[in-house]
Structure formats: C-alpha cells, structure tokens
Amino acid sequence: MNLKTALKEKIPQKYHTYIPRSFEIIGDIAIINIAPELTSYKKVIAQTLASLHSNIKVVLSKTGDIEGEYRLADYELLFGDRTETEYKENTCRFMVDPTKTYFSSKLGTERQRITDQVKDKEQILCMFAGIGPFPINIARKKDVTIHAIEINPDAAKYLEKNIAFNKLKGRITFEIGSVADLVPKLEKKYDRIIMPAPKDAEDFLDLALEKIKKGGIINLYTFTPEEEIETVFKRLEKLANDHNKKIKILDHRLCGNIGICQFRIAVDMKILN
C-alpha cells in the first residue's frame, strides 16, 4: 500500500487532494512536504509513513525553503528522536544531518555521472563541497587529489568525518570558509573544478576561470526554466569572454526541478585557452 492510499482511510476526503505523493529518503530519515491544510494530521502522516516503510526511523517535515549562505531549510521532527543518519551511495558512506547541512540524495546519479568523467591523476577543486558527496564519490573510484571548500562549519565537520569514514585522508583536503576568500589564495591550477551550488555558482565562475588549466573542465550547476537553457549557455560564454577566456559547452543535463518548470541544470564546459 502506498502513502496516499493508506492516508485516505485516516484523513477526511475533502483533504485528499493535499496528501503528499512523494518524499525524499536520506539514510533512515524521510523528508516530506506537508501542505498547510494537513497541519492537524502531520503526526498521522508521519506515523503512517514510518509504518509503511520499515527502513524509515525518522520523519522530518520541511517547513521552509532552502535559503541563506549555508543553503539550509527549516524542518520539524515529526517521528523519531534524532536528525543525524548514515547514508550510502555508490559504495560511499556518509554521516549527515539534513537540518544542519544541505544535502540531496536525489543527486546521486549526477554524482556518479561526474565520477565517470574523471580521469586518473586529475587534480580537482570542489567549491561548495558540503558534506563531501562529490569529492568522496570521485576519490573512492579514481586515483585523484581533491581540494574542497565549504563555508558551513557544521557541513565541514561532517566533511571531515566522511573523509575519514571512507578512508580518504590524504586524497581529499579541505578548507572552511567562503569561496570568494579562499579560492584567490590557492596557488595551483586544476584539471577540473566542480561547482555544485546552483543558486549562485555563476557568480563565482570568474574565480574558477582563474584557477582552471587550459583544456580543463568546469562542472557548473545553475537554475533555469527549461525554455531558457540556450540563454544559460550564452550567459556562461559571455562571462568567460569578459575574463578573456573561451569555453566550449560539452554537455548539459537537467537534474531535478525546484518548482514548476524551474530546473537544476548541470553544464559541462571545457576551457579552450
């Protein structure tokens, strides 16, 4: 029995249209959006969800949008007694608390896609690294060195734990602080730069262009309506031209939406000069 069917027996018919159809699972935590019309039934929804899935031990209700410098949302604990969990992805293991750090299990396929692109011996910079899903996925599979930067102290603590958890000390190094402050101080240039912060990654493309090698790859994420994808390409090309760089768009991929017709888009670009 699915959640919607199970809840139809517990919630009045006039509210059935508001019953959530989907939810995200991170480890043994389920994250669900509950409409205001169902506030009186939120505990029932959480208990029903947990009863339908034996692997779910905690249910969080997302009560606000992702916002702020740390990319955090507000949550209410509806079921269970903790907010930290262990999450497994592509042979990697992560400790994470979604109430303290931004993380999306929905990007697991995308992280594998980037990992498949990487060649051994690449030197990689990962901006906005979070708890480390991109660098750890890559370093577990490829013989590379990665430098990660994360501004959220809580996320950085989990990043450090997860590097050790996956036995990658020495393969991944990290700094805590803002990309704007730390990237200009880096002395080396990189074969690949990953920019997985869709909200404002484009604002930091100039920094990436200064630290990428000729022929290097930038994997950048941004948000756009689907009909404006070509506009994104032109905007990135202009940003590069403004910094005396020429880029070639190698590929792009829609990898999730954040609203009606508003998509997260991954853009792979090669630096030609």
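The values are calculated or read from the model by the stated rules, or taken from the named source; none is laboratory data. Quick caveat: nothing in here was measured; it's all calculated off a predicted structure. All Cβ positions, even for glycine, are placed from backbone atoms using ideal geometry, and neighbour counts span all protein chains on display. SASA here: full protein model, heavy atoms, side chains in, ligands and nucleic acids out. Shrake-Rupley method; radii C 1.70, N 1.55, O 1.52, S 1.80 Å.
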I'd like to verify a number: residues in segment 171-212 that are within 25 Å of residue 92 (Cα to Cα) and either at pLDDT below 95 or of a type in the set (D, E, K, R) (or both), how many?
7
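Would you check if residue 240 is part of a helix (DSSP H, G or I) and crowded, with 20+ Cβ neighbours inside 10 Å? Give the steps one after another, and end with the answer.
Working: part of a helix (DSSP H, G or I): yes; crowded, with 20+ Cβ neighbours inside 10 Å: yes.
Yes, satisfied.
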Every residue from segment 17-26 that is open to solvent by less than 30 Å² (accessible area, probe 1.4 Å) and either assigned to a loop (DSSP other than H, G, I, E, B) or farther than 30 Å from residue 92 by Cβ (or both)
19, 20
Looking at (1) touching a residue at least 40 places away in the same chain (Cβ under 8 Å); (2) open to solvent by 40 Å² or more (accessible area, probe 1.4 Å); (3) out of contact with any Phe, Trp or Tyr (no Cβ under 7 Å at 6 or more places or on another chain), which one does residue 222 not meet, given that it meets all the others?
(2)
Subset of segment 67-119, residues under 14 Å from residue 25 (Cβ atoms), touching a residue at least 60 places away in the same chain (Cβ under 8 Å) and part of a loop (DSSP other than H, G, I, E, B), comes to 98, 103, 104
Pairs where the first residue, in segment 256-273, is part of a strand (DSSP E or B) and at pLDDT below 85 and the second is of a type in the set (Asp, Glu) and open to solvent by less than 70 Å² (accessible area, probe 1.4 Å), C-beta under 9 Å, 6+ apart
256/110
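Across segment 157-183, what is the number of residues that are outside any loop (DSSP other than H, G, I, E, B), touching a residue at least 24 places away in the same chain (Cβ under 8 Å) and over 16 Å from residue 245 (Cβ atoms)?
Our first condition is that a residue be outside any loop (DSSP other than H, G, I, E, B); within segment 157-183, this holds for 157-165, 169, 172-176, 179-183.
From the residues that got through so far, the ones that are touching a residue at least 24 places away in the same chain (Cβ under 8 Å) too are 158-159, 161-163, 165, 172-176, 179-180, 182-183.
With the extra rule that they be over 16 Å from residue 245 (Cβ atoms), the set shrinks to 158-159, 161-163, 165, 172-176, 179-180, 182.
Residues meeting the conditions: 14.
Here's the yes/no breakdown for (1) out of contact with any Phe, Trp or Tyr (no Cβ under 6 Å at 6 or more places or on another chain); (2) part of a helix (DSSP H, G or I); (3) in contact (Cβ under 8 Å) with a residue 12 or more places away in the chain; (4) not basic (Lys, Arg):
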position	(1), (2), (3), (4)
15	yes, yes, yes, yes
30	no, no, yes, yes
37	no, yes, yes, yes
40	yes, yes, no, yes
60	no, no, yes, yes
Would you check if there is a residue in segment 157-164 being open to solvent by 70 Å² or more (accessible area, probe 1.4 Å), in contact with a Phe, Trp or Tyr (Cβ under 8 Å, 6 or more places away or on another chain) and among the basic types (Lys, Arg)?
no
